[in-house]
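A.B. asks: Below: one structure in structure tokens.
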Number of protein chains: 2
Amino acid sequence: MTERTPVPPPHPAQDVTEHVGYRLKRTAAALRGAMDRALREHGLTVPQYSCLELLDERPGLSNADLARGTFVTRQSANVVLRGLGDAGLITRPATADHGRALPAHLTPAGRERLHAARGAVYAVEARMITGVPADRLPALLADLDAMTEALGD
Amino acid sequence: MTERTPVPPPHPAQDVTEHVGYRLKRTAAALRGAMDRALREHGLTVPQYSCLELLDERPGLSNADLARGTFVTRQSANVVLRGLGDAGLITRPATADHGRALPAHLTPAGRERLHAARGAVYAVEARMITGVPADRLPALLADLDAMTEALGD
DNA sequence: CGACGCATGTCAAAATGCTGACATGACCGA
DNA sequence: TCGGTCATGTCAGCATTTTGACATGCGTCG
């Protein structure tokens, strides 16, 4: 069987709650909850805000691009985009001029809504990094990247 | 609550992908995917494995306890527990003897399944912390904890 | 004792996300 | 030119999760 690894724990970790994965999941869950609460006042969900932020930064992103950027499937991203379009926050051409990708763009209303919500989200992030020494932040980001890449990206 | 950081952003971060939240979400998504793939061979989902691990560590946990431990609602945890019970991996008394909480316990089959899957999960975690200097791991865990606590836990 | 708050388990309905599948259009190598 | 390959958008079905609500049991305080 797969018992070739005698499970040599590099570090004791007799408690599951000591594992990196558990902590990671816990922090991500806390962040998700805080963002949900912060965005509710602005009438946005986390996936919606993520798409808006991505589109503000790089206008013309396609549905598949946004799906990759928000770590969901194309189908889920399509639902989000449809909702944003119905709300008048983004526009998408009915037909593609080049390939099959439909480039999405923020409407003035979308930009306005994003700017309003951005303050709340940034406040959450600022609150989150409270307690983390500023000089250790780069190392933290680097470690997160290293872990992501080690998992096959 | 003195704003000792009057400077708008302590670090530029003109790009969303530079934000801590984005990296955190990305790493958590990668971990979730890797764990899904690793557990599929053992016929378990991530929530199921989480419950099994928690129950192995602290037998007698109630449904609500497991919900809190896996960061989901009681209803979701109930579905997971029902599935584990149908699979014969856990047992739960039909009636509560003290309060209303029904203490769950691993069956021998559940313990065996958990031990088999644990190797795969630990391998994923070991692979994830590849690239992260071992001496910086404690700081990483501490930072994750600090961020979680700062978000109100 | 009795009422209230609180936690728990559970049901029903809705929202959300994913898997599988299909058709279309661009790109590339033979 | 043509055939294969890949990426995209979209549809349908299913699984998972959440929201909202309700009943039950315990503890506490009046």
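A.B. asks: Put a label point 7 Å from Cα along the Cβ direction on A:ALA96, then list its distances to the equivalent points in the other copies in nm, shortest first.
C.D. replies: 5.5
A.B. asks: Report the residue, chosen from A:HIS105, A:HIS115, A:HIS19, that carries the largest GNM mean-square fluctuation when chain A is represented by alpha-carbon nodes joined by springs under 10 Å.
C.D. replies: Its mean-square fluctuation being the largest, the pick is A:HIS19.
A.B. asks: Moving on. Return the long-range amide H neighbours of B:ILE90 (sequence gap of 5 or more, or a different chain), with a cut-off of under 5 Å between placed amide H atoms.
C.D. replies: B:GLY85, B:THR107
A.B. asks: With a probe of 1.4 Å, find how much accessible area region A:25-129 has per residue, and write the answer as a whole number in Å².
C.D. replies: Ligands and nucleic acids excluded, the figure is 53 Å² per residue.
A.B. asks: Summing +1 for each Lys or Arg and -1 for each Asp or Glu, what net charge is found among the other residues whose Cβ lies under 15 Å from the Cβ of B:ALA109?
C.D. replies: +1
A.B. asks: Any idea how far apart B:ASP15 and A:THR91 come out in nm if each label point goes 7 Å out from Cα toward Cβ?
C.D. replies: 2.9
A.B. asks: To the nearest 100 Å², how much accessible surface do chains A and B hide from each other in total, with a 1.4 Å probe?
C.D. replies: Counting both chains, the buried surface is close to 5300 Å².
A.B. asks: Given R₀ = 45 Å, what would the calculated FRET efficiency be for B:HIS98 paired with A:ARG100, taking r from the Cβ atoms and rounding to 0.05?
C.D. replies: Efficiency for this residue pair is about 0.15.
A.B. asks: Sticking with this structure for a sec: Suppose a student asked you for the relative contact order of chain B, using Cα pairs under 8 Å spaced at least 6 residues apart; what percent would you report?
C.D. replies: This gives 21 percent for chain B.
A.B. asks: So the label point goes 7 Å from the Cα of A:ALA116 along Cα→C-beta, right? Which residues of region A:38-70 then have their backbone N under 17 Å from it?
C.D. replies: Answer for region A:38-70: A:38-46, A:48-50, A:52-53.
A.B. asks: From the backbone phi of region A:132-143, what are the Karplus-calculated ³J(HN,Hα) couplings (6.51 cos²θ - 1.76 cosθ + 1.60, θ = phi - 60°) in whole Hz, Gly and Pro given as x?
C.D. replies: Each residue of region A:132-143 in turn: 8, x, 4, 6, 9, 4, x, 5, 4, 4, 5, 5 Hz.
A.B. asks: Determine the shape class of region A:49-153: with a ≥ b ≥ c the square roots of the Cα gyration tensor eigenvalues, call it rounded for a/c under 1.5, and otherwise prolate if a/b is greater than b/c, oblate otherwise.
C.D. replies: oblate
A.B. asks: If I compute solvent accessible area with a 1.4 Å probe over the protein chains, what percent of it on region A:25-129 is carbon and sulfur?
C.D. replies: 53
A.B. asks: Would you mind computing, in nm to one decimal, how far apart the modelled labels at B:ARG82 and A:ARG74 are, each placed 7 Å from Cα along Cα→Cβ?
C.D. replies: Those two pseudo-labels are separated by 3.4 nm.
A.B. asks: Let me ask something additional. So how do A:27-36, A:132-141, B:43-52 stack up, highest first, on mean other-Cβ count within 10 Å?
C.D. replies: Packing order, densest peptide first, comes out as B:43-52, A:27-36, A:132-141.
A.B. asks: Between helix B:74-86 and chain B, what is the angle of the helix's C-alpha long axis to the longest principal axis, kept within 0 to 90° and rounded to the nearest 10?
C.D. replies: Here the helix axis deviates by roughly 40 degrees.
A.B. asks: Shifting gears a bit: Evaluate peptide A:30-41: per residue, the Cβ atoms of other protein chains within 10 Å of its Cβ; return the mean as an integer. All intermediate terms of the calculation are to be shown ahead of the outcome.
C.D. replies: On the way: counts 10, 8, 6, 4, 4, 3, 0, 2, 0, 0, 0, 0.
Per residue, the average neighbour count from other chains is 3.
A.B. asks: Just checking the output field for A:92-105: average partner chain Cβ neighbours within 10 Å of each residue's Cβ?
C.D. replies: 0
A.B. asks: Right, here's the next one. Taking the Cα atoms of the protein assembly as shown, what is the range of coordinates along each of the three principal axes, in descending order and whole Å?
C.D. replies: Largest to smallest, the principal-axis extents are 60, 44, 43 Å.
The values are calculated or read from the model by the stated rules, or taken from the named source; none is laboratory data. The structure presented is a predicted model; accordingly, all values stated were derived computationally and were not measured. When we count neighbours, we look across all protein chains shown, and the Cβ atoms used for this are built from the backbone with ideal geometry, even at glycine. In case anyone asks, the SASA skips ligands and DNA or RNA and just uses the protein heavy atoms, side chains included. Shrake-Rupley method; radii C 1.70, N 1.55, O 1.52, S 1.80 Å.
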